[in-house]
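The values are calculated or read from the model by the stated rules, or taken from the named source; none is laboratory data. Quick caveat: nothing in here was measured; it's all calculated off a predicted structure. No Cβ is skipped: glycine too gets one built from the backbone with ideal geometry, and neighbour counts run over all protein chains shown.
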Amino acid sequence: MKLVVFDFDDTLEDFRPAKHKVAKLLTKHIKKKYNIDNFGEEFNQFEEHQLKIGMRTKNYKLYARELWMKLILAKHGIKINNKEADKLKDFYWLNINKIIKPMKHAQVVLKTLKKRGYKIALLTDSDGTKKIKLDRIKITGILKYLDVIAYADDLKTTKPEKKFYNYIFKKLKTKPDKMFMVGDKPEFDLKLAKKLGFTTIWIKHGDWAMKEKKKPGYVDHEIHDLKELIKFTT
Ligand SMILES: [Mg+2]
């Protein structure tokens, strides 16, 4: 059996442009409501902060955006209740879902992989609840290509974590002999995968590509477009 495991955000889904557009809306919204400047930018920067803690503590709920709303506003001395935090979270995802798109060439690449006999899995961290992620998987039109989805919400953990891969192998009823892992955040998506026998492919897209300039040793290939996958996965 042959397998390709994909990360979702900034790998199969083009999250970056949506994230930055919605940050602007968020800034406007929060300025009006709480008179705080640059909230959207602060919100996007908060991701890295939460990822670091999430990696250490394995608490997948740390990626719930209502929590970020609360924590960032608290830094500005504003205390909001759960209902208000939920409303801000809904504002965020509603606007993301209006503009979110699949990554360029995602559909044609997934279709080609299927034709070549690959199983396709998605491995994704939580956004707070499974539904939030599933909605975007549907909107981007990739659901029909997926054989397995390993949600952090089901596995109650965060990347990187062996549980995700064991779950995928269990669903496929085997550990495939040819395996690829594709992701945009090398430390979270590729380091462990390499140890587990995957060929690792770093898609240099999203904010991470700019942060991490050098190719880590556990990355086998760098690509800038999903279409390049075609040449590795014969
Ligand atoms: Mg990603």
Pick from K178, K195: which is among the charged types (D, E, K, R) and either under 20 Å from V148 (Cα atoms) or touching an Asp or Glu at 6+ places or on another chain (Cβ under 9 Å) (or both)? K178
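Mind telling me which of the residues T57, T11 ends up being more than 16 Å from the ligand (Cβ to nearest atom) and either among the small types (G, A, S) or within 30 Å of T174 (Cα to Cα) (or both)? Before the answer, list the steps.
Values: T11 fails: more than 16 Å from the ligand (Cβ to nearest atom).
Among T57, T11, only T57 is more than 16 Å from the ligand (Cβ to nearest atom) and either among the small types (G, A, S) or within 30 Å of T174 (Cα to Cα) (or both).
When you scan region 160-175, do you find a residue that is closer than 13 Å to F8 by Cα and surrounded by 14 or more Cβ atoms within 10 Å (Cβ to Cβ), even just one?
Step one: of region 160-175, the residues closer than 13 Å to F8 by Cα are none.
No, region 160-175 has no match at all.
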Single unsatisfied condition, T11 versus (1) under 28 Å from D225 (Cα atoms); (2) part of a helix (DSSP H, G or I): (2)
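Is it fair to say Q50 is more than 16 Å from the ligand (Cβ to nearest atom), crowded, with 17+ Cβ neighbours inside 10 Å, under 20 Å from G183 (Cβ atoms) and not basic (K, R)? Walk me through how you get there before you give the answer.
On the way: more than 16 Å from the ligand (Cβ to nearest atom): no; crowded, with 17+ Cβ neighbours inside 10 Å: yes; under 20 Å from G183 (Cβ atoms): yes; not basic (K, R): yes.
No; evaluated as a whole, the condition is false for this residue.
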State whether the residues of region 181-191 include one that is more than 26 Å from I230 (Cα to Cα), more than 13 Å from the ligand (Cβ to nearest atom) and at pLDDT 95 or above. no
What are the residue pairs meeting all of these: first residue in region 133-150, first residue assigned to a loop (DSSP other than H, G, I, E, B), second residue surrounded by fewer than 17 Cβ atoms within 10 Å (Cβ to Cβ) and modelled with pLDDT of 95 or more, Cβ atoms under 8 Å, and 6 or more apart or on different chains? T140/K101; D147/K171; D147/L172
Flagged pairs (Cβ under 6 angstrom, 6 or more apart or on separate chains; first in region 209-230, surrounded by 15 or more Cβ atoms within 10 Å (Cβ to Cβ); second of a type in the set (G, A, S) and not in a loop (DSSP other than H, G, I, E, B)) are L226/A106
Residues being closer than 18 Å to P102 by Cβ and either of a type in the set (A, V, I, L, M) or surrounded by fewer than 20 Cβ atoms within 10 Å (Cβ to Cβ) (or both): count how many of those fall in region 116-139. 10
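Of everything in region 110-132, what is under 13 Å from the mean Cα position of the chain (by Cα), in a helix (DSSP H, G or I) and of a type in the set (D, E, K, R)? Give them in sequence order. Before the answer, list the steps.
Step one: list which residues in region 110-132 are under 13 Å from the mean Cα position of the chain (by Cα), which gives 122-128, 130, 132.
Now restrict to residues that are in a helix (DSSP H, G or I): 130, 132.
The one that is under 13 Å from the mean Cα position of the chain (by Cα), in a helix (DSSP H, G or I) and of a type in the set (D, E, K, R): K130.
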Just checking, does region 101-113 include any residue being farther than 21 Å from K58 by Cα, out of contact with any Pro (no Cβ under 6 Å at 6 or more places or on another chain) and without any contact (Cβ under 8 Å) to a residue 24 or more places away in the chain? no
